Amino acid sequence: MPIINVNHASPLTADQIEALMTGLTEVYTSVTKANASAVHVLVQQVPSDRWGVGGESLAVRNSRAAAATA
């Protein structure tokens, strides 16, 4: 049972999540020849204040980037 786990920091719509699940399953099955009914896709939306890059949260990085362009 393959599991494809996607962690995403910005909000996604229900349609986007469905498209990810469909597309990732299609790609996986086309490459591995696995049965699509065995492929599990988990999409987790992580708040930007709980996702860090380079020692700081994405919320802080996004705030700084927005201030720089204002």
Within the set of pairs 6+ apart or on separate chains, which have a first residue in the stretch 7-31 that is over 17 Å from Val46 (Cα atoms), a second that is modelled with pLDDT of 95 or more and in a helix (DSSP H, G or I), and C-beta atoms under 6 Å apart?
Thr25/Ala36; Thr29/Ala36
Could you list all residues from the stretch 28-53 that are in a loop (DSSP other than H, G, I, E, B), under 19 Å from the mean Cα position of the chain (by Cα) and not hydrophobic (A, V, I, L, M, F, W, C)?
Pro47
Evaluate the following for Ile17: is it open to solvent by 70 Å² or more (accessible area, probe 1.4 Å), modelled with pLDDT of 95 or more and in contact with a strand residue (DSSP E or B) (Cβ under 8 Å, 6 or more places away or on another chain)?
no
Within the stretch 54-70, residues being in contact with a helix residue (DSSP H, G or I) (Cβ under 9 Å, 6 or more places away or on another chain) and either assigned to a strand (DSSP E or B) or surrounded by 12 or more Cβ atoms within 10 Å (Cβ to Cβ) (or both) number 7
Checklist (1) in a loop (DSSP other than H, G, I, E, B); (2) of a type outside the set (Asp, Glu); (3) surrounded by 11 or more Cβ atoms within 10 Å (Cβ to Cβ) applied to Pro11, failing item:
(3)
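The values are calculated or read from the model by the stated rules, or taken from the named source; none is laboratory data. All of these numbers come straight from a predicted model, not from anything done at the bench. We place every Cβ from the backbone using ideal geometry, glycine too, and count neighbours over all the protein chains shown. These area figures cover heavy atoms from the full protein model, side chains too; ligands, DNA and RNA do not enter into them. Shrake-Rupley method; radii C 1.70, N 1.55, O 1.52, S 1.80 Å.
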